[in-house]
1. Output the number of residues of the range B:24-39 satisfying the condition of being more than 29 Å from B:Leu121 (Cα to Cα) and among the hydrophobic types (A, V, I, L, M, F, W, C).
2. Conditions: (1) over 17 Å from A:Tyr358 (Cβ atoms); (2) buried (at least 24 other Cβ atoms within 10 Å of the Cβ). A:Ile291 meets all but one. Number of the miss?
3. Considering the range B:117-137 alone, what residues qualify as being farther than 12 Å from A:Ile190 by Cα, assigned to a loop (DSSP other than H, G, I, E, B) and among the hydrophobic types (A, V, I, L, M, F, W, C)?
4. Read through the list (1) part of a loop (DSSP other than H, G, I, E, B); (2) on the phi < 0 side of the Ramachandran plot; (3) buried (at least 17 other Cβ atoms within 10 Å of the Cβ); (4) within 14 Å of another protein chain (Cβ to nearest Cβ), then give the number of the only condition that A:Pro112 fails.
5. Is at least one residue of the range B:82-92 surrounded by 15 or more Cβ atoms within 10 Å (Cβ to Cβ), away from chain A (no Cβ under 11 Å) and modelled with pLDDT of 95 or more?
6. Determine which single condition A:Met195 fails, assuming it passes every other condition in (1) in a loop (DSSP other than H, G, I, E, B); (2) within 14 Å of chain B (Cβ to nearest Cβ); (3) on the phi < 0 side of the Ramachandran plot; (4) not β-branched (Val, Ile, Thr).
7. Would you call A:Ala313 surrounded by 24 or more Cβ atoms within 10 Å (Cβ to Cβ) and either within 14 Å of another protein chain (Cβ to nearest Cβ) or assigned to a helix (DSSP H, G or I) (or both)?
8. Of the numbered conditions (1) assigned by TED's automatic domain parsing to the domain that holds A:Ala276; (2) farther than 30 Å from B:Arg96 by Cβ; (3) not hydrophobic (A, V, I, L, M, F, W, C), A:Glu150 satisfies every one except a single condition; which is it?
Amino acid sequence: MSSIEIKKSYEEINDRIKKGKAVVVTAEEMPEIVKTEGVKKAFEKVDVVTTGTFGVMCSSGAFLNFGHTKPKIRASKVWLNDVEAYGGIAAVDCYLGATQVKDDDPLNMVHPGSFSYGGGHVIEDLIAGRHVKLKAKSYGTDCYPLKEFEKTITINDLRNALLYNPRNAYQNYNVAINLSKKMKYTYMGILKPDMGNITYSSAGQLSPLLNDPYYWTIGTGTKIFLGGAAGAVTWHGTQHSPDSMRDENGMVREGAGTIAVCGDMKEMNTEFIRGASLTGYGTSLMVGIGIPIPILNEDLAFFTGLSDRDIKAQLIDYGIDYPEGNPVSLKEVTYAELKSGYVEFRGRSIPSSPLSSYPKARKIANVLREWIENGFTVGVPQLQAPTIPYMKK
Amino acid sequence: MKSINVLLIFKKEIMYKPIIYRIAKDFDIIFNVLEAKILPKLEGRIILELRGTDKQLDTTISYFREEGVEVQTLAEMIKRDEKKCVHCGACTAVCRVDALAINRSTMEVEFHPDKCVACGLCRQACPVNAMSGTAIDREI
């Protein structure tokens, strides 16, 4: 549990949610409330602020259990629609990673490759209820004699299908530009040569971890919206880095915190989760995540009240610096600038475009608000993600 | 005055005839070359913006067809699957003519087919395969 001052408890807030009396607003609406009524009144008035994000999130995948076959197989190699899943877990369990591409994909042999099908797409096909070809191979044992198994299945034939993403919902992220003379096909999208365009990938003011920058309310046990269903934060994510650069408010100015999340694919909806093909890069998964932030004190009202004008990110060269492992900040930009469509840099006005869907992020925050208004309570984190002390200005 | 974008395909039999010259001289069309690709001795492809009255444009298109030029209106070439599009905005990074542009109040990606020049870059940029259709680099 966090050591912060709690002026309105989880119990109080959940009690109000159960009675249908909780005041819930989205992180897009909160800045206006804080601006007109002040932090103190906003804290007293609002119980929960809902957030949302929808974008390509690598480090995603699924644990699938396809049930025991007859005769039994101890699968050591597993494929779904010719995309290999890691089978070294148990007899009929595997882990399907979002960035695994289909066997025999031409990759980048003719650059840029299109990467039309991979693990992320299999996850989407399963959630959509489409048919998927399952193939498994084994060396055979006394208790598991079968050596090959092949069957066309749907998600209903799987005993379990758990989305388990070790690193999602990055708290802030790089903004990309290309200073080289060549077109670059990156996970930050297509970047034209000579600073032709700028891309960014965050929902900014709506993004979950940017609304609770010290992870006071987000930790193991936090209940979330994941791909259209209820899910949970299971741990802090890989590469979680609370000591990244912060501004005078305490808000992170670059990629910092991350979360690991889990949910039941059988309850998800492809409106909020999609396979992705990134030209020249590979496949991945677009994930929709929403997290409710309980407003336990004025500081949380303050942070959820910050808007795109107050949140900054670093402009990085993906032409030369980033690939060489020397990313340096070329400029600090706000999400308000990025969302205006143009960023001023080196005397030029450069078009900026997003890679994460703001309309979907907004939809998720609104759906989550409806859930809470209908009784979805706020989870109490049992283990806090690593953080740093907050120095109030 | 109206403006349309067309892809013209000149098969090898006619690819060295001065056809475009005549649309300016005989039909008084204002044209602007947006993109061109010559596959020597095989095929010539050119994307033109044509400006003129409805009548001038109709006459010009009929003339192209009489000469054996394959004409495709670009507004009908690239399509967006509304069910697949997630409005992420990745396509707006590469669209050179603002046929795909973000509405800043809703942050949704709006598609204006009339502005499209069928360059096909949006198909490359789209992570969810929502854009389809032929472009200047289509197979022969």
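The values are calculated or read from the model by the stated rules, or taken from the named source; none is laboratory data. All values reported here derive from a predicted model rather than from experimental measurement. FYI the Cβ positions are ideal-geometry reconstructions off the backbone, even for glycines, and counts take in every protein chain you see.
1. 2
2. In the conditions (1) over 17 Å from A:Tyr358 (Cβ atoms); (2) buried (at least 24 other Cβ atoms within 10 Å of the Cβ), A:Ile291 misses (1) alone.
3. B:Val117, B:Ala118, B:Cys119, B:Val128, B:Ala130, B:Ala135, B:Ile136, listed by residue number.
4. With respect to (1) part of a loop (DSSP other than H, G, I, E, B); (2) on the phi < 0 side of the Ramachandran plot; (3) buried (at least 17 other Cβ atoms within 10 Å of the Cβ); (4) within 14 Å of another protein chain (Cβ to nearest Cβ), A:Pro112 is out only on (3).
5. Just the residues of the range B:82-92 that are surrounded by 15 or more Cβ atoms within 10 Å (Cβ to Cβ), to begin with: B:85-92.
Cutting the leftovers down to away from chain A (no Cβ under 11 Å) gives us none.
No, the range B:82-92 contains no residue that is surrounded by 15 or more Cβ atoms within 10 Å (Cβ to Cβ), away from chain A (no Cβ under 11 Å) and modelled with pLDDT of 95 or more.
6. Here A:Met195 meets the rest and fails (3).
7. For A:Ala313, the condition - surrounded by 24 or more Cβ atoms within 10 Å (Cβ to Cβ) and either within 14 Å of another protein chain (Cβ to nearest Cβ) or assigned to a helix (DSSP H, G or I) (or both) - is not met.
8. Here A:Glu150 meets the rest and fails (1).
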